[in-house]
Amino acid sequence: MTRIQFPKIRSVLELYEKLPEEERLITDLLRQLVKDELPAYCREKISYNVPYFYGNKGICIIWPSAIPRGGIKKGVLLGFWYGNKLKDVDNYLMHGTNKQIFYKIFNSVEEIDLEAITKLLNEAAALDKGWKN
């Protein structure tokens, strides 16, 4: 069986060119929110063809369904690498089969709860600061 090779995405601009409009809008809003809320020492890179944010360790990832190997059929996933360590007082995140990564899938911009995500990002950033070497 031959696997179709998806082209390597090297920039956010390349990513946006490959996304359907609704996924691009959701991805852009989530990226801006993450960049605004994470501390200045945190960075973004394209990893596995999607935006990945890290500080001392991985913090979160934004995976549009149009990008292969994300495990979702529709929408855009916002996943927290150490979601199992977050309190998530609003029970906002889904707990799938992965015991560590907790996530939320968005099918429209209107589904994004800025306040809930801001709380989670602040909690994830505080957790990341605790992992300084």
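Every read-out reported here was derived from the displayed coordinates using simple, explicitly stated rules and does not represent laboratory data. This one's a predicted model, so the numbers in the text were calculated from it and none came from an experiment. Cβ sites come from the backbone with ideal geometry, for glycine too, and all protein chains shown count toward neighbours.
Return one number: the angle in degrees, 0 to 90 and rounded to the nearest 10, between the long axis of the Cα atoms of helix 21-37 and the longest principal axis of the Cα atoms of the chain. Taking the Cα atoms of the chain, the angle to 21-37 is about 30 degrees. Against the main long axis of the alpha-carbon atoms of the chain, helix 114-129 sits at an angle near 70°. No solvent, one uniform scatterer per C-alpha: report log10 I(q)/I(0) for the chain via the Debye equation at q = 0.09, 0.12, 0.18, 0.20 1/Å, two decimals. Log10 of I(q)/I(0), two decimals: -0.25, -0.44, -1.00, -1.22. Secondary-structure-derived ellipticity at 222 nm for the chain, considering helices only, amounts to -9500 deg cm²/dmol, per-run term -39500 (n - 2.57) for DSSP H runs with n ≥ 4. Cross-link partners for K85 among the aspartates and glutamates, with Cα-Cα distance under 19 Å and sequence neighbours closer than 8 places in the same chain left out: E37, E123, D128. Counting only Cβ charges, +1 for Lys and Arg and -1 for Asp and Glu, the dipole size of the range 1-112 around its Cα centre is about 680 debye.
Computed from the alpha carbon atoms alone, the convex hull of the range 79-133 holds 81 Å³ per residue. Legend: distances between Cα atoms for K8/K87; K35/K104; K18/K119; K104/K129; K18/K74; K18/K129; pairs beyond 26 Å are K8/K87; K18/K119; K18/K129.
Here r is the Cβ-Cβ distance between E21 and N56 and R0 is 35 Å; the resulting FRET efficiency, rounded to 0.05, is 0.50. Here the Karplus relation 6.51 cos²θ - 1.76 cosθ + 1.60, evaluated at θ = phi - 60°, turns the backbone of the range 38-46 into coupling constants of 6, x, 4, 6, 6, 10, 10, 8, 8 Hz, with x for every Gly and Pro. Extension gain, E115-R10: 0.36 nm per intervening residue step, less the Cα-Cα distance, totals 34.7 nm.
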